[in-house]
Amino acid sequence: MNVNVQNANGKLGILIPGLGAVATTLIAGVEAVRQGLSQPIGSLTQMGNIRLGKRTENRYPLIKDFVPLADLNDIVFGGWDLYEDNVYEAASKAKVLEPGLLNAIKPQLQALVPMKAVFDKSFVKNLDGKNIKQGKTKFDLAKAVMDDIENFRDANDCNRIVMVWCGSTEKYFEPSEVHESIENFEQGLHENHPMISPSMIYAYAAIKLGVPFANGAPNLTCDIPALIELAKETNTPIAGKDFKTGQTLMKTILAPGLHARALGIKGWFSTNILGNRDGWVLDDPDNFKTKEVSKLSVLEDILRPELNPELYGELYHKVRINYYPPHGDNKESWDNIDIFGWLGYPMQIKINFLCRDSILAAPVVLDLALFSDLAKRAGMSGIQEWLSFYFKSPQTLPGLRPEHDIFKQLIKLQNTLRHIMGEDLITHLGLDYYQDLVEAL
Ligand SMILES: NC(=O)c1ccc[n+]([C@@H]2O[C@H](COP(=O)([O-])OP(=O)(O)OC[C@H]3O[C@@H](n4cnc5c(N)ncnc54)[C@H](O)[C@@H]3O)[C@@H](O)[C@H]2O)c1
């Protein structure tokens, strides 16, 4: 079946709450690629191929030539932040990209000035900015974000808009009654309910207007029944949570491999140091808790200790994040993994990953924006589980286990693209044509 996909003509607006290290690295990167100064490495939509049909057919097009995606030249960026810095200033302060590169695209970056943010210090204690919206109720603030979206769309002549949350991690809290239904949620907006966070207000505004929304931080945001319900009502794709980069990316590459070979794991100790603003926000225990929950869920879901208690029943998993300013955005992580093999003999694996957080995150944001837009044009709405590939803590319908294994996530993503384009899904069975090949030898 070929899903009826609308074309990607016209401009796509990518609106980003939080113009910090990740967002500015994305925006500067897309500008650098447009100008032929660099390559979009790490982006599946720009550089990845997809196999179609049988191996004998030798069809491996680039993903961007296979599915209709917005062209990088048709993207317009906008965003909100509680700091007034334009994107050039914010990128310079984030110190991810070299000054030479930033200076080469300075006018384009300077032109991008953040809109006033919806912000509430009770959710992120360590930040203090002045570029903040005032409103009597949270509903007024949501309305103001909707006005921002519509004004941006008109001013930039955009055909379509998507929103990706790149704002700071909000403090940890569990969903409660106000998040249970859209009725309760809207009443909560009018009554300034304390458990409606700023990221939920942006998500509500986007989803209400049918604008696809993806959440790059571990906050609940759109992962609540009220906004899932609204997404269905307004035919809006949503996805989250928490970009999968750095240490967790390595974990979801390695753990499925150990598990696949039925090797046991006794302990996995992960620690890392980083010194950017994200690290400073996560230095607060309430905000760290949100991140910790997101990072911890990964191993259990991949290893399923309840199915293999001999191999994983005693697993001790610990994750630490330490704020260390001298390293800036260049996060360094260490993993010590205690594994055991045949007859229980112990072995160890040590990983020391000297990564660059925002360099890994920027292509993820680009892909999420482009694929969310594709989903919308393909008539897909609600939770987009096929985008789990990009998240540490993939959003699923309540009661469904998330899939963390990066290889299964990739198969799901690729099969979704094949499905959208009416190509055969690939099961990797191969028996159907293997025998013919043997006979032809
Ligand atoms: N870099 C990575 O590899 C990575 C991976 C997974 C998740 N994340 C998450 O992505 C987010 C962005 O990371 P970063 O490194 O760019 O952080 P950052 O601190 O550099 O940028 C976040 C920006 O969001 C702004 N902000 C906070 N609350 C806001 C609000 N309510 N409205 C508008 N702006 C707001 C802050 O002022 C800041 O400029 C963080 O939540 C982080 O945890 C990053």
>> Just checking, does region 81-99 include any residue being modelled with pLDDT of 95 or more, of a type in the set (D, E, K, R) and closer than 23 Å to Ile207 by Cα?
In response: yes
> Scanning region 185-208 for residues that are more than 16 Å from the ligand (Cβ to nearest atom) and under 21 Å from the mean Cα position of the chain (by Cα), which turns out surrounded by the fewest Cβ atoms within 10 Å (Cβ to Cβ)?
Replying inline: Lys208
>> If I ask for residues that are part of a helix (DSSP H, G or I) and aliphatic (A, V, I, L, M), which ones from region 419-430 would you list?
In response: Ile420
> Mind checking which pairs have a first residue in region 288-312 that is at pLDDT below 80 and a second that is among the hydrophobic types (A, V, I, L, M, F, W, C), Cβ under 8 Å, 6 or more apart or different chains?
Replying inline: Lys291/Leu282; Lys291/Ile321; Lys295/Val319
>> Just to be sure before I move on: is Leu72 modelled with pLDDT of 95 or more, crowded, with 18+ Cβ neighbours inside 10 Å, on the phi < 0 side of the Ramachandran plot and within 16 Å of the ligand (Cβ to nearest atom) in the structure I sent?
In response: no
> How many of the residues making up region 386-418 are in a helix (DSSP H, G or I), away from the ligand (no atom under 16 Å from the Cβ), touching a residue at least 40 places away in the same chain (Cβ under 8 Å) and over 19 Å from Leu62 (Cβ atoms)?
Replying inline: 2
>> Suppose we keep only residues that are more than 16 Å from the ligand (Cβ to nearest atom) and of a type in the set (Gly, Ala, Ser) within region 132-181. Which one would you say is nearest to Tyr83 (Cα to Cα)?
In response: Ala155
> If you check Gly275, Gly240, which single one turns out to be surrounded by 23 or more Cβ atoms within 10 Å (Cβ to Cβ) and either under 13 Å from the mean Cα position of the chain (by Cα) or over 26 Å from Asp405 (Cβ atoms) (or both)?
Replying inline: Gly240
> Pairs under 6 Å by beta carbon, first residue under 19 Å from Ala90 (Cβ atoms) and in contact (Cβ under 8 Å) with a residue 24 or more places away in the chain in region 355-377, partner β-branched (Val, Ile, Thr) and not in a helix (DSSP H, G or I), six or more apart or different chains?
Replying inline: Ser358/Val96; Leu360/Thr245; Ala361/Thr245; Val365/Val164; Ala369/Ile14; Ala369/Val162; Ala369/Val164
> Within the bounds of region 427-441, is there any residue that is in contact with a Leu (Cβ under 9 Å, 6 or more places away or on another chain) and of a type in the set (A, V, I, L, M, F, W, C)?
Replying inline: no
> Which of (1) in contact with a Ser or Thr (Cβ under 6 Å, 6 or more places away or on another chain); (2) within 21 Å of Asn287 (Cβ to Cβ) is the odd one out, the single condition Val364 does not satisfy?
Replying inline: (1)
> Restricting the search to region 1-56, which residues are polar (S, T, N, Q), more than 16 Å from the ligand (Cβ to nearest atom) and outside any strand (DSSP E or B)?
Replying inline: Asn2, Asn4, Gln6, Asn7, Asn9, Gln35, Ser38, Gln39, Thr45, Gln46, Thr56
>> When you check Leu230 against the structure, is it in contact with a helix residue (DSSP H, G or I) (Cβ under 8 Å, 6 or more places away or on another chain), over 27 Å from Leu282 (Cβ atoms) and within 16 Å of the ligand (Cβ to nearest atom), yes or no?
In response: no
> Where residues in region 233-247 are farther than 20 Å from Ile321 by Cα and in contact with a Cys (Cβ under 9 Å, 6 or more places away or on another chain), which of them is nearest to the ligand (Cβ to nearest atom)?
Replying inline: Gly240
> In region 333-391, how many are in the same structural domain as Asp278 (by TED's automatic domain parsing), on the phi > 0 side of the Ramachandran plot and either crowded, with 21+ Cβ neighbours inside 10 Å or out of contact with any strand residue (DSSP E or B) (no Cβ under 8 Å at 6 or more places or on another chain) (or both)?
Replying inline: 1
> Can you name the number of the only condition in (1) away from the ligand (no atom under 13 Å from the Cβ); (2) farther than 17 Å from Ala239 by Cα; (3) under 21 Å from the mean Cα position of the chain (by Cα) that Leu303 fails?
Replying inline: (3)
> Mind checking whether some residue in region 49-62 is without any contact (Cβ under 8 Å) to a residue 40 or more places away in the chain, surrounded by fewer than 18 Cβ atoms within 10 Å (Cβ to Cβ) and on the phi > 0 side of the Ramachandran plot?
Replying inline: yes
> charged (D, E, K, R) and in contact with a helix residue (DSSP H, G or I) (Cβ under 6 Å, 6 or more places away or on another chain) - does that describe any residue in region 199-216?
Replying inline: no
>> Checking the condition closer than 19 Å to Asn352 by Cα, at pLDDT below 90 and not assigned by TED's automatic domain parsing to the domain that holds Gly42, which residue from Gly257, Gly275, Gly267 passes?
In response: Gly275
>> Of all residues being part of a helix (DSSP H, G or I) and touching a residue at least 60 places away in the same chain (Cβ under 8 Å) in region 260-287, which is farthest from Pro326 (Cα to Cα)? Just the residue, please.
In response: Asp286
>> Take residues that are loosely packed, with under 15 Cβ neighbours inside 10 Å and either in the same structural domain as Leu19 (by TED's automatic domain parsing) or aromatic (Phe, Trp, Tyr) (or both) and tell me which of the helices (runs of 4 or more DSSP H) falling wholly in region 81-184 contain 2 or more.
In response: 99-104, 106-110, 138-155
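The values are calculated or read from the model by the stated rules, or taken from the named source; none is laboratory data. As the structure is a computational prediction, the values presented were derived from the model and not from experiment. Quick reminder, even Gly has a Cβ in these numbers, built from the backbone with ideal geometry, and neighbours come from all protein chains shown.
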